[in-house]
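Visitor: Okay, handing you the structure first.
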Amino acid sequence: MKKEKLPRGFWRAPNGSLRVLIRIKGFPAAVRTFKLHADTVSNRKRQLVEAELWAAEARRKLYGGDAAVASADRAMTLGDALRLYAREGLSSRPANRRKDTLRIEAVLRDEIASRRIASLTLPDLAAYRDLLIYRDFERRIRAAIEAADLSPEGRTRQTRLRLLLALRREARRAGGEGSEDLRRQIARIESEEGIAPVARTTISNRMQLINRAMKFAAQTNHGVPQIAGLSMPASSPGRTRRPSADELEALLSQSAAEHPLLPFLIRFAITTGLRRERLLELRTSHLQDLSDGRKAIVFPSSAGRRKRTGIIPVTSDIERTIVETAAQVGVRAPLHQLAAMDVALFPVSGNVLGHAWRALLHRLGIADLRFHDLRHEATSRLFERGLSAAEVMSITGHSTSEMVDRYSHYSTELVLDRLEGRADRRAAAATPEMRTRIESVAQKSPEAAALIEDISRLLERLAALHG
């Protein structure tokens, strides 16, 4: 596309808006934005004419001593800058735009949004960061208090957590961490009750958004400070939470009461390792043929998708889940016919899924388990089956080996088994009576049959490698 030539002081925003900045030595700057209602040649010409007429009138008024035309930028608040950034500067990716819009709305509810942007300093932003840290800490403590059961141990935990809240408030009123004794008390209770530090990402995302909004406003406004050097909380270690066998059984057996598609979502998550967003996008048209006639789940490339998605081979368990999920949404057909259709397997919003998941965990009394932890479970299972880090990354879509390092101990244990010959001993340990019991279980449960089949293949592979 031919580059558009604009008059000096005119700037075209990514969304098509035209921003005009008038700077005259000895006079305050004046700025105005002209929206583009439809991106056509005639509308752009009309927009440019309106902007040029305003610029000429603004220059005339400034030379005439009328400062009212330039007063808006001097009175700009942080809230004004955030609203401007929301209108004209947000990313074009829908998912990112939604998240940033929610963060902007949250900041607008706080007192800092009413502050004049020209008066903001590094200590002001640091104080707001500390406020966000305290709020996040208080929210997590209150959630832990509500999650505690009514047993004597649970009531003792509630009492200690309420004491921790009171100590934190006292430290905050003291203007920091308070006395050495107070700091020791807080640290001891946090350690004994397993209270993790505040998540860096939660705080950093909001503070970075404020910084981007201020930089965006500074392009066309005088007096917007550029503040650097704000420190953030330390990065939290990656989660390694896995649901136990009992928890998984309860989740699969009880989740249909919260939403009829939730059991299938859980099964998909622990067999494919797909992120929640990709699961909700999954369609039968994403099933592609492999060279040997089998199939794999391949998501089409998308400019709006930031995180990579792997190529997922369709195992017998995944095939069964796809067919049963399609039947649940009203399409009964074998896999090869479903691949020729374009059926949305999970026509449900993320909000509905999140509500159903939280309600399920609350009803079952399961604590500290996120839906994304099912992706961790799937990744761990792939390592436990003997796949290498490169093979796992090709399926899960992890972009760097560092992201799968937390699971490396599974592959290390399997290497030790191969070196010490345990794989052969385990394969040979199945007595006739045990094989009879295995066959009986497999006949009663399709999931068990699929799992036994996968374990058998893995044992055969390990035995071949050892031999």
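Visitor: Identify all residues within region 208-226 that are among the aliphatic types (A, V, I, L, M) and crowded, with 17+ Cβ neighbours inside 10 Å; write none if there are none. Lay out the reasoning, then the answer.
Guide: Our first condition is that a residue be among the aliphatic types (A, V, I, L, M); within region 208-226, this holds for 209-210, 213-214, 217-218, 224.
Across region 208-226, the qualifying residues are 209, 210, 213, 214, 217, 224.
Visitor: OK, next. Is it the case that region 27-48 has a residue that's surrounded by 13 or more Cβ atoms within 10 Å (Cβ to Cβ), more than 15 Å from residue 221 (Cα to Cα), within 33 Å of the chain's Cα centre (by Cα) and modelled with pLDDT of 85 or more?
Guide: No, there is no match, as no residue in region 27-48 is surrounded by 13 or more Cβ atoms within 10 Å (Cβ to Cβ), more than 15 Å from residue 221 (Cα to Cα), within 33 Å of the chain's Cα centre (by Cα) and modelled with pLDDT of 85 or more.
Visitor: For residues that are loosely packed, with under 14 Cβ neighbours inside 10 Å and at negative phi, tally how many sit in region 353-366.
Guide: 5
Visitor: Same structure, new question: Which of the residues spanning region 52-69 are at pLDDT below 75 and either in contact with a Lys or Arg (Cβ under 9 Å, 6 or more places away or on another chain) or of a type in the set (S, T, N, Q) (or both)?
Guide: Of everything in region 52-69, those that are at pLDDT below 75 and either in contact with a Lys or Arg (Cβ under 9 Å, 6 or more places away or on another chain) or of a type in the set (S, T, N, Q) (or both) turn out to be 66, 67, 68, 69.
Visitor: Could you list, in sequence order, all residues of region 357-376 that are touching a residue at least 40 places away in the same chain (Cβ under 8 Å) and more than 18 Å from the chain's Cα centre (by Cα)?
Guide: Just the residues of region 357-376 that are touching a residue at least 40 places away in the same chain (Cβ under 8 Å), to begin with: 357, 359-360, 363-376.
Passing the criteria: 359, 360, 363, 364, 365, 366, 367.
Visitor: Same structure, new question: Checking residue 326 against (1) out of contact with any Leu (no Cβ under 9 Å at 6 or more places or on another chain); (2) crowded, with 17+ Cβ neighbours inside 10 Å: exactly one of these is not met. Which one?
Guide: (1)
Visitor: Under 8 Å between Cβ atoms, which residue pairs at least 6 apart in sequence (or on different chains) link something in region 215-226 that is free of Cβ contacts under 8 Å to residues at least 60 places away in the same chain with a partner that is assigned to a loop (DSSP other than H, G, I, E, B) and among the polar types (S, T, N, Q)?
Guide: Listed pairs, sorted by first residue: 215/226; 218/226.
Visitor: For the condition touching a residue at least 40 places away in the same chain (Cβ under 8 Å) and surrounded by 12 or more Cβ atoms within 10 Å (Cβ to Cβ), what is the one hit in 186, 145, 141, 112?
Guide: Details: 186 fails: touching a residue at least 40 places away in the same chain (Cβ under 8 Å); 145 fails: touching a residue at least 40 places away in the same chain (Cβ under 8 Å); 112 fails: touching a residue at least 40 places away in the same chain (Cβ under 8 Å).
Going through 186, 145, 141, 112 in turn, the sole match is 141.
Visitor: Give all pairs with beta carbons closer than 8 Å in which a residue from region 155-172 that is within 14 Å of residue 142 (Cα to Cα) meets a residue that is loosely packed, with under 13 Cβ neighbours inside 10 Å; count only pairs at least 6 apart in sequence or on separate chains.
Guide: Hits for this filter: 160/192.
Visitor: A further question follows. Please enumerate the residues belonging to region 330-351 that are surrounded by 14 or more Cβ atoms within 10 Å (Cβ to Cβ) and either under 26 Å from the mean Cα position of the chain (by Cα) or of a type in the set (S, T, N, Q) (or both).
Guide: We begin by selecting, within region 330-351, every residue surrounded by 14 or more Cβ atoms within 10 Å (Cβ to Cβ); these are 331, 333, 335, 338-339, 343-346, 348, 350.
Passing the criteria: 343, 344, 345, 346, 348, 350.
Visitor: Do we find a residue being in contact with a Phe, Trp or Tyr (Cβ under 7 Å, 6 or more places away or on another chain), in the same structural domain as residue 362 (by TED's automatic domain parsing) and not β-branched (Val, Ile, Thr) anywhere in region 298-311?
Guide: As a first pass, look at region 298-311 and keep what is in contact with a Phe, Trp or Tyr (Cβ under 7 Å, 6 or more places away or on another chain): 309.
Adding the requirement that they be in the same structural domain as residue 362 (by TED's automatic domain parsing) leaves 309.
Applying the additional criterion that residues be not β-branched (Val, Ile, Thr) yields none.
So far as region 298-311 goes, no, none of its residues is in contact with a Phe, Trp or Tyr (Cβ under 7 Å, 6 or more places away or on another chain), in the same structural domain as residue 362 (by TED's automatic domain parsing) and not β-branched (Val, Ile, Thr).
The values are calculated or read from the model by the stated rules, or taken from the named source; none is laboratory data. Source: prediction; values computed, not measured. For neighbour counting, all protein chains shown are included, and Cβ atoms are generated from backbone atoms with ideal geometry for every residue, glycine included.
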